[in-house]
Amino acid sequence: MAAMNKSALRSAQEVSDVGLEMHRLMAELYPICRSITGNGVRETLRIISQHIPMEIRDVPTGTQVFDWTVPKEWNIKDAYVKNSSGERIIDFRRSNLHVVNYSVPVNKRIALTELKAHLHTLPNHPDWIPYRTSYYNENWGFCVAHNQLAKLNDEEYEVCIDSSLEPGFLTYGEYFLPGESSDEVLISCHVCHPSLANDNLSGIALSTFIAKHLSSTRNRYSYRFLFIPGTIGSITWLSYHEADIERIKHGLVLASVGAGDKFTYKKSRRGDAEIDRVICNVLRHSGVPYEVQDFSPYGYDERQFCSPGFNLPVGCLMRTPNAQFPEYHTSADNMKFVQPSILAESFDVVLGILGVIEGNGVYVNQNPKCEPQLGKRGLYRAIGGVESRVDELALLWVLNLSDGTHSLLDIAARSECKFDAIKRAADLLLSHKLLKQASD
Ligand code: ZN
């Protein structure tokens, strides 16, 4: 488990219980056929709303959002391919991945050659069903295990996709949690994938339980959680909130956080935003393997938040990055692939990150000419236990660098101390009036 759980107001048992609850929420959401629009997203948001009272918003088809247009709404009731004996050899009811997401309705009899032109498989993983979409190009298709393709006889097939693609709405969820300041932390996850667990029911579950946790604590920042369809959702949200985005001081896209040993943090486009430095610091002291990547315009909704016209301080936290685990976008990214203990660790690390954001600040030493005499104030050896030496060092670092220009995060980075130790030292010095908050 990540090392920062010691300092926070949560026990290892509580964190482990949250991992199980997240896993349970994912299992409840897993069977739903989601897409970038439609009833699957609505049902998903309704279930999340049982945990956090979020607002559900509908944006009509045809709405212009920057260079894009909100698409028609897609819904599906059933889909199958029947062989000449009338058996459902491909059945949407067994896995919603069997249908290319956003397939237009079809109901006809076709020969094997025509059927094959509409089938998608993964020859390298012949037992897995691929996940395919056709959002912006009206088409239809089925996805099957490659092994099944080889077994298809040369006969006539009945294909049926009972779907609708009609004017409707793009639906997303937004949960705003006001804090002491109107400055905001944005947390975003995508809700458009059907039965796929790590990408991205894990991000949905993590966002939900982080929101739930923060709703019970006093927060300096306001928090805005977005549950949006990938790409078109963030573009839509940004187009409606252009005037508000200057309040976003830090942001995080959460995806694929339920499987994989290490963490991967992809920095914001700025590369040196506070969120980037906070996460580097937290991961360095977490005791968990991690990798930090520079920004690239490939991935999740950070692509939109970090487009040059916004350039928001938004990074992306993952375990193994998208497209780099073999199960990615296949039926093998299922509930067996994700683990409660990994989810719990992701929860703990994200709370650690938010703890640093909440606790960071700039202070001024009130006794800057030579060191103050800590012993007479009871500050030397004031903190018992094995960490006392570290904390004394932290006191000296905070006193030395608190000249109104270095934040506590800067001091933690330069001293290579954990942020929590630096923060504790600053609080102690504040209570002894040796430190004062710098006026902004
Ligand atoms: Zn994906």
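The values are calculated or read from the model by the stated rules, or taken from the named source; none is laboratory data. Here the structure is a predicted model, which means the values were calculated and not measured. Cβ: placed from backbone, ideal geometry, glycine included. Neighbour counts: every protein chain shown. For the accessible areas, the whole protein counts, side chains as well, though only heavy atoms, and no ligand, DNA or RNA atoms are used. Shrake-Rupley method; radii C 1.70, N 1.55, O 1.52, S 1.80 Å.
For the reader, a short list of remarks on this structure follows.
Each row is one residue, and each column tells you yes or no for (1) crowded, with 21+ Cβ neighbours inside 10 Å; (2) more than 16 Å from the chain's Cα centre (by Cα); (3) under 30 Å from residue 334 (Cβ atoms).
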{"site": "223", "(1), (2), (3)": "no, no, no"}
{"site": "231", "(1), (2), (3)": "no, no, yes"}
{"site": "251", "(1), (2), (3)": "yes, no, yes"}
{"site": "262", "(1), (2), (3)": "no, no, yes"}
{"site": "266", "(1), (2), (3)": "yes, no, yes"}
{"site": "281", "(1), (2), (3)": "yes, yes, no"}
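- Enumerated strands (runs of 3 or more DSSP E) restricted to the stretch 231-306, each holding at least 3 residues that are within 29 Å of residue 56 (Cα to Cα) and more than 16 Å from the ligand (Cβ to nearest atom): 248-254
- The criterion of being without any contact (Cβ under 8 Å) to a residue 40 or more places away in the chain, farther than 30 Å from residue 210 by Cβ and hydroxyl-bearing (Ser, Thr, Tyr) holds for residue 134.
- Taking the listed residues 130, 105, 123, the one that is closer than 30 Å to residue 47 by Cα and open to solvent by 60 Å² or more (accessible area, probe 1.4 Å) is 105, with no other qualifying.
- Residues satisfying the stated conditions in the stretch 180-208, i.e. assigned to a strand (DSSP E or B) and more than 16 Å from the ligand (Cβ to nearest atom): 184, 185, 186, 187
- Considering only residues in the stretch 209-229 that are part of a helix (DSSP H, G or I) and among the hydrophobic types (A, V, I, L, M, F, W, C), the one that is farthest from the ligand (Cβ to nearest atom) turns out to be 214.
- Each residue in the stretch 307-325 was checked for being open to solvent by 10 Å² or more (accessible area, probe 1.4 Å) and within 14 Å of the ligand (Cβ to nearest atom), and 5 of them qualify.
- Against the list (1) in contact with a His (Cβ under 8 Å, 6 or more places away or on another chain); (2) crowded, with 18+ Cβ neighbours inside 10 Å; (3) at pLDDT 95 or above; (4) not polar (S, T, N, Q), the condition residue 91 fails is (2).
- Unique residue being in contact with a helix residue (DSSP H, G or I) (Cβ under 8 Å, 6 or more places away or on another chain) and open to solvent by 10 Å² or more (accessible area, probe 1.4 Å) when the list is 202, 182: 182
- Residue that is away from the ligand (no atom under 16 Å from the Cβ), closer than 26 Å to residue 23 by Cα, surrounded by fewer than 22 Cβ atoms within 10 Å (Cβ to Cβ) and among the aliphatic types (A, V, I, L, M), where the choices are 177, 165, 149: 177
- The set of residues in the stretch 324-361 being among the polar types (S, T, N, Q) and under 13 Å from residue 409 (Cα atoms) consists of 360 alone.
- The set of residues in the stretch 153-186 that are over 30 Å from residue 217 (Cβ atoms) and free of Cβ contacts under 8 Å to residues at least 60 places away in the same chain contains only 154.
- Residue list for the stretch 31-85, filter: without any contact (Cβ under 8 Å) to a residue 24 or more places away in the chain and open to solvent by less than 20 Å² (accessible area, probe 1.4 Å): 47
- Subset tally (residues that are touching a residue at least 60 places away in the same chain (Cβ under 8 Å), open to solvent by 10 Å² or more (accessible area, probe 1.4 Å) and among the small types (Gly, Ala, Ser)) for the stretch 408-440: 2
- Unmet requirement for residue 415, which otherwise passes all of (1) outside the structural domain of residue 203 (by TED's automatic domain parsing); (2) among the small types (Gly, Ala, Ser); (3) closer than 30 Å to residue 196 by Cβ: (3)
- Residue 114, sole failed condition from (1) over 19 Å from residue 327 (Cβ atoms); (2) assigned to a loop (DSSP other than H, G, I, E, B); (3) over 27 Å from the mean Cα position of the chain (by Cα): (2)
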